[in-house]
Structures are given as structure tokens and as C-alpha cells.
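Shown next, in C-alpha cells, is the structure this report addresses.
The values are calculated or read from the model by the stated rules, or taken from the named source; none is laboratory data. Because the structure is a prediction, the values reported are computed rather than measured. Here the Cβ positions follow ideal geometry from the backbone for every residue, glycine too, while neighbour counts run over all protein chains shown.
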Amino acid sequence: MYLVIDIETENTGSDIMGDNKRIISVQIGDDKAQELYYDDSKDSQWNLEGAKKRIDFLVSQGHIFTGYNLINFDLHFLKHFLEVEIPQSNTLDLSDHHKIQAFRRNKIFRLEDVCKECGIEVTHKHEMNKKAESYKNRQDIREQASAKAKEIVITKGWSWNFAFNYFLNKIAGGHAIYDSYQEFVKSGGKKDTLFYEYAIGDVISEYLLLKELIK
């Protein structure tokens, strides 16, 4: 049986890999049922230790964990931050599918863009993207994006506008996710919060993507 495993991290920096400070949540499920475990949960069943126990149990039952960019991101940080290692025999990275590789050759990388190509709705992304827009005029965020853009223009030859907007989107998005997470924690882990809907939305989208790829 396939189950999506997905994580969210605390990252308000410009580096999608290097600036992660911790895992804030682990999501497991399919298009019918989902579970969300989070770092600041006061309920031991739903904190990250609970996630580790759940993963171990599901591996022991022979479940296959899948996800988009699973190996290079989710599994990497599960090992780095939680010391969780899922055997290769229990994983399926959707990014390795030949259809996804074809999208990437056409410069289509983001999950939402891949899903769009496959006719899968990702409306859960829209509200978080709207929230991210509100951070883009903050002086500290613009200065952070500008500093990183200057570095990349020199080292990789990117155009200034492309580099600045790329990092501005990355940093603003990180702030939107993390601030939404803090609101989720304050709510006691309510399901009608932006963070919960965003995190669980990724699980559902990735599972629907799996179904589309293997049908």
C-alpha cells in the first residue's frame, strides 16, 4: 500500500536546503485519510516522536512511502533532524518517474506546476501564496533577497531581476509557512487553519499525482 510522506521545515532563508532549522511537521496519508504530526504538539501521539513511531510501524507493515522529491528533501531531513531512515525498498520517489523527468527537461519543477500539467488541482497552495505576497514589501526581506541575488549574479551569472524575484519568493514563502505554523500551534492544532490545510493539501496532491502516474 502506498502512503505519501511529506514534511514542512522552519526555513525563512534563501537556501532551500541549507537554511532549514528543524522539521516542524510530518504528514502521512493518501487522498482519503491523512495524519499530521508537529514539533510543538502537547499531545505525545501527534508530536514528532509520535511520527517516528508511526513511520516505524508502517515500515514494519510493508507500506511504501511516496512523495515528490522524496529522496533529496523529505528523506534527507527526516534522517538529518529526526534520525529516521526509511529503507529504499519502502520508498518510491515520484520525481524519478519518466513523465516527471520530461517535465523537468522543460523547466517545470514545482509540485504545483507538475500537478497542473497532470490536471490535478492544487488550490491549497493559493492561500499560502497570497499570504506570502504580504511579506514581499518588508524591508528586511527585500534586503535579504537582494544580498543573495548579488551573490548569485556573480557566481552563476543569473540576471539580477530573475535572481532577486526568485529569492524574494523563496524567503517570503518561508515566512508565510512558518508564521502560519505558529498560528496553527497557538490554535492547538486545529484543522481549519491555513497551515493544516496547506500541509495536508500537499499530501492529497502528491497522492493524486501518484495515481495519475501509475494508472
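To keep it simple, each residue is scored yes or no on (1) of a type outside the set (Ser, Thr, Tyr); (2) surrounded by fewer than 16 Cβ atoms within 10 Å (Cβ to Cβ); (3) in contact (Cβ under 8 Å) with a residue 24 or more places away in the chain; (4) more than 23 Å from Leu209 (Cα to Cα).
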| position | (1), (2), (3), (4) |
| --- | --- |
| Ile28 | yes, no, yes, no |
| Ala33 | yes, yes, no, no |
| Leu36 | yes, no, yes, no |
| Ser44 | no, yes, no, yes |
| Glu49 | yes, yes, no, yes |
| Lys53 | yes, yes, no, yes |
| Tyr68 | no, no, yes, no |
| Ala102 | yes, yes, no, no |
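Sort through Leu94, Leu78 and tell me the only one that's buried (at least 21 other Cβ atoms within 10 Å of the Cβ), within 26 Å of Lys186 (Cβ to Cβ) and either of a type in the set (Val, Ile, Thr) or in contact (Cβ under 8 Å) with a residue 40 or more places away in the chain (or both).
On the way: Leu94 fails: within 26 Å of Lys186 (Cβ to Cβ).
Just a single option satisfies the conditions, and that option is Leu78.
Report, by residue number, each residue of region 55-66 that is aromatic (Phe, Trp, Tyr) and crowded, with 16+ Cβ neighbours inside 10 Å. Quick ask: steps written out before the conclusion?
Step one: filter region 55-66 for residues aromatic (Phe, Trp, Tyr), giving 57, 65.
The answer is Phe65, and nothing else.
Please indicate, with yes or no, whether at least one residue in region 133-152 is under 20 Å from Ala199 (Cβ atoms) and either modelled with pLDDT of 95 or more or in contact with a helix residue (DSSP H, G or I) (Cβ under 6 Å, 6 or more places away or on another chain) (or both). Steps first, please.
Here is the first cut: in region 133-152, the residues under 20 Å from Ala199 (Cβ atoms) are 133-135.
Within this subset, residues satisfying the condition of being either modelled with pLDDT of 95 or more or in contact with a helix residue (DSSP H, G or I) (Cβ under 6 Å, 6 or more places away or on another chain) (or both) are 133, 135.
Yes.
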Looking at this structure, is Ile5 within 17 Å of Phe81 (Cα to Cα), at pLDDT below 95 and either buried (at least 18 other Cβ atoms within 10 Å of the Cβ) or among the β-branched types (Val, Ile, Thr) (or both)? no
For Ala102, which of the numbered conditions (1) in contact with a helix residue (DSSP H, G or I) (Cβ under 9 Å, 6 or more places away or on another chain); (2) among the small types (Gly, Ala, Ser); (3) at pLDDT below 95 fails to hold? (1)
Given Val203, Val185, which one is assigned to a helix (DSSP H, G or I), more than 20 Å from Leu111 (Cα to Cα), touching an Asp or Glu at 6+ places or on another chain (Cβ under 6 Å) and of a type outside the set (Ser, Thr, Tyr)? Val185
All but one of (1) modelled with pLDDT of 95 or more; (2) in a helix (DSSP H, G or I); (3) out of contact with any strand residue (DSSP E or B) (no Cβ under 6 Å at 6 or more places or on another chain); (4) farther than 30 Å from Phe164 by Cβ hold for Ala51; which doesn't? (3)
Helices (runs of 4 or more DSSP H) wholly inside region 107-175 containing at least 3 residues that are in contact with a Cys (Cβ under 7 Å, 6 or more places away or on another chain) and among the polar types (S, T, N, Q): none
